[in-house]
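Below is one structure; the comments refer to it alone.
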Amino acid sequence: MDLYFSIFQEPNDLYDRQKYIRYIEGQVELPPDFKRQWIDAHQYMMKAVGRDFLMRAGDGHPLFRLLTGTAPW
């Protein structure tokens, strides 16, 4: 949990996809190939819906919780 709070410090950090990628990279207990797949999924979503999708959609969008969750997909 310390990793989460060290990366997501400001309210707007929840809308920054790069913060989620940093969070994934910091997961020491996950195998490297799994982390790579997880990061690839986040990068794909950034390309598919746009880098600012989370900010535009807000927390009321059905995909918001899926994309901002810190559990592996």
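In the range 40-73, of all residues being in a loop (DSSP other than H, G, I, E, B), under 10 Å from the mean Cα position of the chain (by Cα) and small (Gly, Ala, Ser), the one that is surrounded by the fewest Cβ atoms within 10 Å (Cβ to Cβ) corresponds to ALA71. For the range 22-39, the set of residues classified as without any contact (Cβ under 8 Å) to a residue 24 or more places away in the chain, open to solvent by 60 Å² or more (accessible area, probe 1.4 Å) and more than 10 Å from the chain's Cα centre (by Cα) consists of GLU25, VAL28, GLU29, PRO31, PRO32, ASP33, ARG36, GLN37, listed by residue number. Scan the range 12-21 and tell me whether some residue there is modelled with pLDDT under 85 and open to solvent by 60 Å² or more (accessible area, probe 1.4 Å). Checked the range 12-21: no residue is modelled with pLDDT under 85 and open to solvent by 60 Å² or more (accessible area, probe 1.4 Å).
Residues in the range 1-39 that are assigned to a loop (DSSP other than H, G, I, E, B) and either touching an Asp or Glu at 6+ places or on another chain (Cβ under 8 Å) or not aliphatic (A, V, I, L, M) (or both) were compared, and the one that is nearest to ASP59 (Cα to Cα) is ASP16.
The values are calculated or read from the model by the stated rules, or taken from the named source; none is laboratory data. Predicted model only: the values in this text are computed from it and were never measured. All Cβ positions, glycine included, derive from the backbone under ideal geometry; neighbour counts span all protein chains shown. In case anyone asks, the SASA skips ligands and DNA or RNA and just uses the protein heavy atoms, side chains included. Shrake-Rupley method; radii C 1.70, N 1.55, O 1.52, S 1.80 Å.
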